[in-house]
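Reading through the structure tokens given below for one structure.
The values are calculated or read from the model by the stated rules, or taken from the named source; none is laboratory data. Quantities reported herein were computed from a predicted structural model and do not represent experimental measurements. Here the Cβ is made from the backbone with ideal geometry for all residues, glycine too, and neighbour counts use every protein chain on show.
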Amino acid sequence: MCSIVFGAGTLLYSNYIYNSYIVGAFHKFPEPVAKQLRKALYYTNISLAPKEAVKYYKEALRVADEIGMDPFSDEILGVKIQLASLMEKIQQYQKAIDILEIVRSDCLKWVDELGSQPGNEGKRTRVLAKAVGISVKLGELYANEYVMGKETAEERLVWAVETVLREQQRREVEGVKPGEGEWMSPEQIGGSLEGQHRITGIIGMSTKAENSSRSSLRGEESALPGSTAIPTSDSTFASL
């Protein structure tokens, strides 16, 4: 399995998807949606009140659906990503993960079912890129010390890297199809691969800490009267 993972370069990219789609393109929202988002952002960034913020994010999404906004537009995906960002901000990491997993799944389903249809070339590029960025963020969240989903973190990060490189290679071999637009730039790809050891380092350190903890517990058991410590492979790897 590919061992390359996104590191410091993609941390910037994941922060970018968290912050740009709402603030940077606020004028693109119809006023009924923007009205709810202003309230949501106020309770997110100015006067933190998570319950109020969530209420207005949900209301913004409801109004957007009611007036027919594209659920896979940058703007609507951005609202959902911002909601996940709020959950991370208040240390509700599993809720942040749940939100992003749903958004990622929806994006990939759209790409699989509709991405190849004529006229969807540019949208496919954009939605697939969002899925990549979300996967990077999920890798970071799963690797969090409070989540400890090491295997899933690696799965999401490896998928992101392989998808970026596979799409890049397809374009180099087949050529860019009319309407597809640009994929990730060489700078973005290069930057994302520069810090390839950052999250694997986190995963490795957490595994080492777990093994060290188990080793310590076994040491305590061996100190009990009549007990005998039995060497195991875990205690060996804990010292690496």
The stretch 143-171, subset buried (at least 23 other Cβ atoms within 10 Å of the Cβ) and assigned to a helix (DSSP H, G or I), residue farthest from the chain's Cα centre (by Cα): VAL164
Of the criteria (1) in contact with a helix residue (DSSP H, G or I) (Cβ under 6 Å, 6 or more places away or on another chain); (2) surrounded by fewer than 17 Cβ atoms within 10 Å (Cβ to Cβ); (3) modelled with pLDDT of 85 or more, which one ALA8 fails: (3)
Every residue from the stretch 29-58 that is of a type in the set (Val, Ile, Thr) and either closer than 23 Å to TRP110 by Cβ or surrounded by fewer than 17 Cβ atoms within 10 Å (Cβ to Cβ) (or both): VAL33, ILE46
Selected residue [within 17 Å of VAL132 (Cα to Cα) and of a type in the set (Asp, Glu)] from ASP65, ASP70, ASP74: ASP74
Inter-residue pairs, beta-carbon under 9 Å, first at pLDDT 90 or above and in the stretch 140-155, second assigned to a loop (DSSP other than H, G, I, E, B) and aromatic (Phe, Trp, Tyr), 6+ apart: GLU140/PHE6
Residues being surrounded by fewer than 15 Cβ atoms within 10 Å (Cβ to Cβ) and within 13 Å of the chain's Cα centre (by Cα) - total across the stretch 95-114: 3
Complete set of residues in the stretch 117-138 that are among the small types (Gly, Ala, Ser) and either surrounded by 17 or more Cβ atoms within 10 Å (Cβ to Cβ) or part of a helix (DSSP H, G or I) (or both): GLY122, ALA129, ALA131, GLY133, SER135
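Among the residues in the stretch 59-71, are any of a type in the set (Gly, Ala, Ser), surrounded by fewer than 19 Cβ atoms within 10 Å (Cβ to Cβ) and at pLDDT below 95?
In the first step, residues of the stretch 59-71 are kept if they are of a type in the set (Gly, Ala, Ser); the result is 60, 64, 68.
From the residues that got through so far, the ones that are surrounded by fewer than 19 Cβ atoms within 10 Å (Cβ to Cβ) too are 68.
In the following step, the residues that additionally are at pLDDT below 95 were identified as none.
For the stretch 59-71, residues of a type in the set (Gly, Ala, Ser), surrounded by fewer than 19 Cβ atoms within 10 Å (Cβ to Cβ) and at pLDDT below 95: absent.
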Of the criteria (1) farther than 24 Å from GLN91 by Cα; (2) modelled with pLDDT under 90; (3) surrounded by fewer than 19 Cβ atoms within 10 Å (Cβ to Cβ); (4) not hydrophobic (A, V, I, L, M, F, W, C), which one GLU180 fails: (2)
Hey, ALA143 farther than 30 Å from TYR42 by Cβ, in the same structural domain as TYR56 (by TED's automatic domain parsing) and touching a Leu at 6+ places or on another chain (Cβ under 9 Å) or not: yes
Test: LEU83 is at pLDDT 95 or above and surrounded by 15 or more Cβ atoms within 10 Å (Cβ to Cβ): yes
